[in-house]
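Visitor: Here it is: the structure, laid out below.
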Amino acid sequence: MPHPHSIVAIVGRPNVGKSTLFNRLVGRRSAIVEKNPGVTRDRNYGISKYHGYEFIAIDTGGFEPVAETSLVQQMAQQARLAVEEADCVLFVVDAQEGFTPGDSEIFRTLVEAETPLFVVVNKADNPRLEEESLDFYRLGVETIYPISSEHNRGIDGLLEEIDRRIPLKITKKEDSGEEQLKLDVPIAVAVIGKPNAGKSSIVNALLRKERMIVDSVSGTTRDPVDSLCNFEGRDFLLVDTAGIRRRGKVSQKIETFSIVSALKSIERADVTLLIIDAEEGITEQVMKIAGYANERKKSLLIVMNKWDLVKKDGKTLKQVEEEVYDRLSFISFAPILFVSAKTGQRVPQIFEKILSVHQQYVRRIQTSDFNTILQLIVNQHPPPSKSGRPTKVYYGNQVSVAPPTFVFMTNNPEKTNFAYERYIANQFRYHFGFEGTPLNFIWRKKKSAHRKNAGKRA
């Protein structure tokens with residue numbers, strides 16, 4: 001899909017500091033940074049802002065001209081695809097390691113692409129290393145750009161040159177009211193689940209191209225990876241998160257980073273897709289992951305992937321649905337889709353459901369309608385009394401969206417229990433819908449008329 005922003009691809013050998021530069025440009029710790037080579041495996045997209053302009057930065061896995069293993073070959077292919085997408089390429093090399101034959105091979109490959117190319121000598125943390133960076137002129141370029149991503153040296157000069165050469169295309173849009181915001185801002189969708197549940201395959205199926213690296217090795221995706229796409233005129237930002245493992249299996253620091261990144265991706269999202277391996281079913285770890293999303297009050301869609309591999313009869317779908325809601329009763333508001341990323345079965349319905357769920361997430365109920373239904377459900381089932389004193393719910397209103405948040409005025413807010421909240425939530429869903437979105441309730445004590453009038457007399 002053509003994109004109005006300029007696109008800047010960051011490529012180079014493993015461990016030269018590409019992800020550190022990416023994080024510096026986008027202004028957040030998006031990509032995982034580790035000393036072990038090959039940590040970044042997919043393309044990772046982020047928005048960078050410079051002097052009122054925006055451009056898309058793409059972080060790539062280590063570029064190896066001669067790739068031996070299947071995974072390394074896929075990483076190199078992802079880097080080549082990023083170059084094809086880009087308006088310019090930042091070829092990152094390592095000042096501390098110095099010039100290598102591998103740098104020369106990659107440079108020749110990049111020159112063939114005929115995309116504006118910048119040789120960026122990273123880790124030039126001091127004047128001595130900056131001087132030693134001159135050795136990279138042997139590549140035959142007119143200009144090199146010594147920088148230190150970690151210490152923010154030379155970044156502004158690099159951005160100025162990028163802006164001069166491309167130039168950057170898009171200025172930041174001004175907000176023009178709530179409706180404009182809803183239409184223009186992409187719906188952020190976090191794709192979460194256990195490792196190897198098929199998250200990346202689902203994203204690839206939605207994008208209709210091999211956007212993510214898919215490998216049989218559990219945990220192939222480590223970083224959250226952002227992908228922009230469009231469905232029926234609406235923009236989406238898909239975030240393929242690293243699979244969240246059981247804590248007991250998290251043995252390396254890098255895996256811990258992945259969990260943190262996945263949780264941060266949930267925080268950024270409007271909608272979460274919980275991907276479940278239909279063959280494996282609901283495990284304890286799936287329940288915990290669902291809990292992460294629910295605790296953060298995100299709208300939720302359950303996607304049972306690999307449905308093509310499940311042996312079925314006329315009762316299977318209903319039985320699985322009942323099992324899901326039995327084990328995940330705390331997110332019974334979330335709709336379920338039975339899909340196959342491999343065959344494409346029902347994959348287009350995912351976008352349709354995301355739109356529907358998001359509409360409920362930002363939905364606002366008129367105060368008059370809210371109170372009419374509130375009085376109806378309270379009269380049908382009054383709140384429990386405590387110590388002989390009846391609890392009364394007088395009125396309420398919706399104070400915010402995303403998630404829908406409601407304030408209730410009562411004489412006894414501390415006596416409202418979880419069971420009664422669940423009753424009200426179920427009744428609201430019956431009358432208003434709110435499929436796929438959690439509801440947030442706030443209970444406040446109503447000031448008595450006597451105290452109010454006493455205050456006026458004073």
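Visitor: For region 131-141, how many residues are in a loop (DSSP other than H, G, I, E, B) and more than 20 Å from A9 (Cβ to Cβ)?
Guide: Just the residues of region 131-141 that are in a loop (DSSP other than H, G, I, E, B), to begin with: 140-141.
Remaining after also requiring more than 20 Å from A9 (Cβ to Cβ): 140.
So the count comes out to 1.
Visitor: Checking the conditions here, which among S340, S356 is touching an Asp or Glu at 6+ places or on another chain (Cβ under 9 Å) and in contact (Cβ under 8 Å) with a residue 60 or more places away in the chain?
Guide: S356
Visitor: In region 299-329, how many are buried (at least 16 other Cβ atoms within 10 Å of the Cβ) and touching a Phe, Trp or Tyr at 6+ places or on another chain (Cβ under 8 Å)?
Guide: Summing the residues that are buried (at least 16 other Cβ atoms within 10 Å of the Cβ) and touching a Phe, Trp or Tyr at 6+ places or on another chain (Cβ under 8 Å) in region 299-329 gives 5.
Visitor: Report whether or not V225 is among the hydrophobic types (A, V, I, L, M, F, W, C), surrounded by fewer than 21 Cβ atoms within 10 Å (Cβ to Cβ) and at pLDDT below 80.
Guide: no
Visitor: Take the conditions under 31 Å from the mean Cα position of the chain (by Cα), surrounded by fewer than 17 Cβ atoms within 10 Å (Cβ to Cβ) and at positive phi and apply them to G388. Does it pass?
Guide: So G388 fails the test.
Visitor: Something else now. In region 364-380, is there at least one residue being touching a Ser or Thr at 6+ places or on another chain (Cβ under 8 Å) and either surrounded by fewer than 16 Cβ atoms within 10 Å (Cβ to Cβ) or at positive phi (or both)?
Guide: no
Visitor: Within the group F236, F136, F231, which residue is at pLDDT 90 or above and in contact with a helix residue (DSSP H, G or I) (Cβ under 8 Å, 6 or more places away or on another chain)? Don't jump to the end; show me each part of the working.
Guide: Values: F236 fails: at pLDDT 90 or above; F231 fails: at pLDDT 90 or above.
Result: F136 is the single residue among F236, F136, F231 that is at pLDDT 90 or above and in contact with a helix residue (DSSP H, G or I) (Cβ under 8 Å, 6 or more places away or on another chain).
Visitor: Restricting region 331-363 to residues that are surrounded by fewer than 16 Cβ atoms within 10 Å (Cβ to Cβ) and within 14 Å of L274 (Cα to Cα), which is farthest from the chain's Cα centre (by Cα)?
Guide: Step by step, filter region 331-363, then rank; the result is S332.
Visitor: Can you name the condition, by its number, that R153 falls short on among (1) farther than 24 Å from S340 by Cβ; (2) at pLDDT below 80?
Guide: That leaves (2) as the condition not met.
Visitor: Could you please let me know if A86 is assigned by TED's automatic domain parsing to the domain that holds L159, surrounded by 17 or more Cβ atoms within 10 Å (Cβ to Cβ) and touching a residue at least 12 places away in the same chain (Cβ under 8 Å)?
Guide: Yes, satisfied.
Visitor: Identify, from the list K312, K318, the residue that is part of a helix (DSSP H, G or I) and of a type in the set (D, E, K, R).
Guide: Values: K312 fails: part of a helix (DSSP H, G or I).
Only one candidate passes the filter, namely K318.
Visitor: Looking at region 87-145, which of the residues that are among the charged types (D, E, K, R) and over 27 Å from I56 (Cα atoms) is nearest to the chain's Cα centre (by Cα)?
Guide: If we take residues in region 87-145 being among the charged types (D, E, K, R) and over 27 Å from I56 (Cα atoms), then E97 is nearest to the chain's Cα centre (by Cα).
Visitor: Name the residue that is nearest to R164 (Cα to Cα), counting only residues in region 91-130 that are assigned to a strand (DSSP E or B) and aliphatic (A, V, I, L, M).
Guide: Per the stated criteria, the residue is L117.
Visitor: Restricted to region 278-295, and to residues that are buried (at least 16 other Cβ atoms within 10 Å of the Cβ) and not aromatic (F, W, Y), which residue is farthest from S340 (Cα to Cα)?
Guide: If we take residues in region 278-295 being buried (at least 16 other Cβ atoms within 10 Å of the Cβ) and not aromatic (F, W, Y), then N294 is farthest from S340 (Cα to Cα).
One line per residue, one yes/no per condition, for (1) outside the structural domain of L237 (by TED's automatic domain parsing); (2) surrounded by fewer than 24 Cβ atoms within 10 Å (Cβ to Cβ); (3) at pLDDT 85 or above:
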| position | (1), (2), (3) |
| --- | --- |
| T40 | yes, no, no |
| N44 | yes, no, no |
| I47 | yes, yes, no |
| Y53 | yes, yes, no |
| G61 | yes, no, no |
| L81 | yes, yes, no |
| G98 | yes, yes, yes |
| V120 | yes, no, yes |
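The values are calculated or read from the model by the stated rules, or taken from the named source; none is laboratory data. Predicted model, so just to flag it, every value in this text is computed and none were measured. When we count neighbours, we look across all protein chains shown, and the Cβ atoms used for this are built from the backbone with ideal geometry, even at glycine.
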